[in-house]
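*Asks:* Take this structure, written in C-alpha cells, and hold onto it; I'll ask about it next.
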Amino acid sequence: MNRVVLVTGGSRGIGAAVVHRLAEAGDVVYAASRSGRAEEHPRIHGLVMDVNDPDGPASGVAAIIAAQGRLDAVVVNAGNGIFGPLEEMTEEDIRYQFETCFFGAVKTINACVPVFRAQGHGRILAVTSFAALVPLPYQSLYSSAKAALEMAVMGYAVELKPFGIQCGCVLPGDTATGFTAARKKVAVRPDSPYRERMERCLAKIEKDELGGMPADRIARSVEQQLNRRRMRLEVVPRLDYGAEAVLVKLLPRRLALLAMSLMYNR
Ligand SMILES: NC(=O)c1ccc[n+]([C@@H]2O[C@H](COP(=O)([O-])OP(=O)(O)OC[C@H]3O[C@@H](n4cnc5c(N)ncnc54)[C@H](OP(=O)(O)O)[C@@H]3O)[C@@H](O)[C@H]2O)c1
C-alpha cells in the first residue's frame, strides 16, 4: 500500500501489532509512544511522542511531514485504564483516565487534520473499546472516556467528510496485552463498602483479559478498516463480541446493565 501511517501507543500490545502488520504490508509506519520503542524493521520508525505533552502530537506530526512529506492515516490507540468505584475516584483519577484516552487522542487527531485537509485525503481510526458501549463495573471512567472518544470520532466523521477525510473506530473486547498489568488500581478507603465485590470483579476482568484475543486479532481489524474503500464507523473484532455489541444496542438499556451486573458485580 505504501501509505505513511502514525500509530500512537505503538511500542507494545495492540499498537505494536498494528505497526508490525502495516509495515509488513508495505506501509511506512511511525510507532509513537512515551518510550519511543519500536520493532527493528526497515519501514518502522520509533517516535517519542507523549500524547499528553502540550506540543507532543504537533511536534510528532511535524517530524513525520519533514521526513516523508505526507501522512495518510493515523491510528489513535494509546490508552490506559483505571479501576475503582466511581464514588471513591478523586479528580486526579478522573483526569488520569481522560487525559490519555480522550484528550491525548483528540489532540493527536487535531494535529493530523490540517495535513489531511491540505492533501485532500486522510484516515482517522480510533481504537476505542467494547467498554464504550456499556459501562463495566469499577471501570466506568474507562467506559466514559472511550464512549466520549467514540462520539468525538462520529463528530469528526461528519465535520471532516467535506474534506475527503474518513473516520472510524475499532472496538476490541478482552485482549491479552500489558494493559492488564499497567491498569491503575485506586486505593479504596479501609471501610469501603465496595471492597469485596471489586476484588471479585478485578479477578474476573484480569482472567478474561489475560485469556483474551491476541493483539494481532485487533491489528487485523485495524488493517482491514484502513484498506476498505469506505471505512466503517464501528468494527467490533471477533464474531462473538460483534454479536454481543448488536445485542447491547438492541436491548433496553436496563437489560444490558443487568447482564453486566450479573457478570461482574456479584
Ligand atoms: N487489552 C485490552 O483488553 C483492550 C480492550 C479494549 C480496548 N483496548 C484499548 O486498546 C488500546 C491499546 O491497548 P493495549 O491493550 O495494547 O495496552 P498496552 O499494552 O498497555 O499498550 C499501551 C500503549 O500506549 C502507550 N501509551 C500509554 N500512554 C501514552 C502516552 N501518554 N503517550 C503515548 N503513548 C502512550 C504505551 O507506550 P509507552 O508506555 O511507551 O508510552 C503502549 O505502547 C488502548 O487504547 C486500550 O484502551 C485494550
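The values are calculated or read from the model by the stated rules, or taken from the named source; none is laboratory data. Since the model is a prediction, treat every value here as computed from it, not as a measurement. Quick reminder, even Gly has a Cβ in these numbers, built from the backbone with ideal geometry, and neighbours come from all protein chains shown. Surface areas here come from the heavy atoms of the whole protein model, side chains and all, with no ligands, DNA or RNA. Shrake-Rupley method; radii C 1.70, N 1.55, O 1.52, S 1.80 Å.
*Asks:* Enumerate the calculated ³J(HN,Hα) couplings along the stretch 122-137 in order (Karplus 6.51 cos²θ - 1.76 cosθ + 1.60, θ = phi - 60°), each rounded to whole Hz, writing x wherever the residue is Gly or Pro.
*Replies:* Values per residue, Gly and Pro as x: x, 10, 10, 10, 9, 8, 9, 5, 4, 5, 6, 8, 8, x, 7, x Hz.
*Asks:* Next question, about the same structure. What does the charge count near T128 come to, summing +1 for each Lys or Arg and -1 for each Asp or Glu among other residues with Cβ under 12 Å from its Cβ? Mind showing how you got there, number by number?
*Replies:* Details: positive: K146; negative: E150, E234.
Taking every Cβ under 12 Å from that of T128, the sum is -1.
*Asks:* Could I ask something else about it? Which cross-chain or sequence-distant (5 or more) residues have an amide H under 5 Å from the amide H of L47, H modelled 1.01 Å from N in plane?
*Replies:* Amide H neighbours of L47: A31, A32, S33.
*Asks:* Same structure, new question: Name the shape class, rounded, prolate or oblate, that the alpha-carbon gyration tensor gives for the stretch 129-227, where a ≥ b ≥ c are the square roots of its eigenvalues, rounded holds for a/c under 1.5, and otherwise prolate holds if a/b is larger than b/c and oblate otherwise. Let's see the in-between values first.
*Replies:* Values: a/c = 3.63, a/b = 1.75, b/c = 2.08.
It is oblate, given that a/c is not under 1.5 and a/b is not larger than b/c.
*Asks:* Taking H placed 1.01 Å from N in the peptide plane, check which residues at least 5 places from G81 or on another chain put their amide H under 5 Å from its amide H.
*Replies:* Answer set, sorted by chain and number: K184.
*Asks:* Write down Rg/Rh for the chain, rounded to two decimals, with Rg from the C-alpha atoms and Rh from the Kirkwood relation over Cα pairs.
*Replies:* Numbers: Rg = 18.3 Å, Rh = 18.8 Å.
Ratio of gyration radius to Kirkwood radius: 0.97.
*Asks:* Further, regarding this structure: Which percent of the accessible heavy-atom area of the chain goes to carbon and sulfur, probe 1.4 angstrom? Before the final figure, lay out each step's value.
*Replies:* On the way: 7110 of 12770 Å².
Carbon and sulfur atoms account for 56 percent of the accessible area of the chain.
*Asks:* Which residues' amide hydrogens lie under 5 Å from the amide hydrogen of G122, considering only partners 5 or more residues apart or on another chain, with H built in the peptide plane?
*Replies:* Q166
*Asks:* Would you mind counting up the charge near H20? Only other residues with Cβ under 9 Å from its Cβ, with Lys and Arg at +1 and Asp and Glu at -1. Let's see the in-between values first.
*Replies:* Numbers: positive: R21; negative: E24, E39, D216.
So the surrounding residues net to -2.
*Asks:* For K207, go through the lysines and keep the ones whose alpha-carbon is under 23 Å away, minus same-chain ones fewer than eight residues off.
*Replies:* K146, K184, K185
*Asks:* For the stretch 54-211, what relative contact order do you get, as a whole percent, if you take Cα pairs closer than 8 Å and at least 6 residues apart?
*Replies:* Details: 219 pairs, mean separation 43.9, N = 158.
Contact order relative to length: 28 percent.
*Asks:* Moving on. For the stretch 255-263, take each phi angle, set θ = phi - 60°, evaluate the Karplus expression 6.51 cos²θ - 1.76 cosθ + 1.60, and give the result in whole Hz per residue in order, putting x for glycine and proline.
*Replies:* Calculated HN-Hα couplings, in order: 6, 5, 5, 5, 4, 4, 4, 5, 6 Hz.
*Asks:* In Å², what does the accessible area per residue of the stretch 4-264 work out to with a 1.4 Å probe? Don't skip to the end; give the middle numbers.
*Replies:* Working: 12280 Å² over 261 residues.
Value returned for the stretch 4-264: 47 Å² of accessible area per residue.
*Asks:* Above 13 angstrom, tally the Cα pairs of the stretch 97-156 and express them as a % of all pairs, no decimals. Show your work: numbers first, answer last.
*Replies:* Working: 1069 of 1770 pairs.
Roughly 60 percent, once rounded to a whole number.
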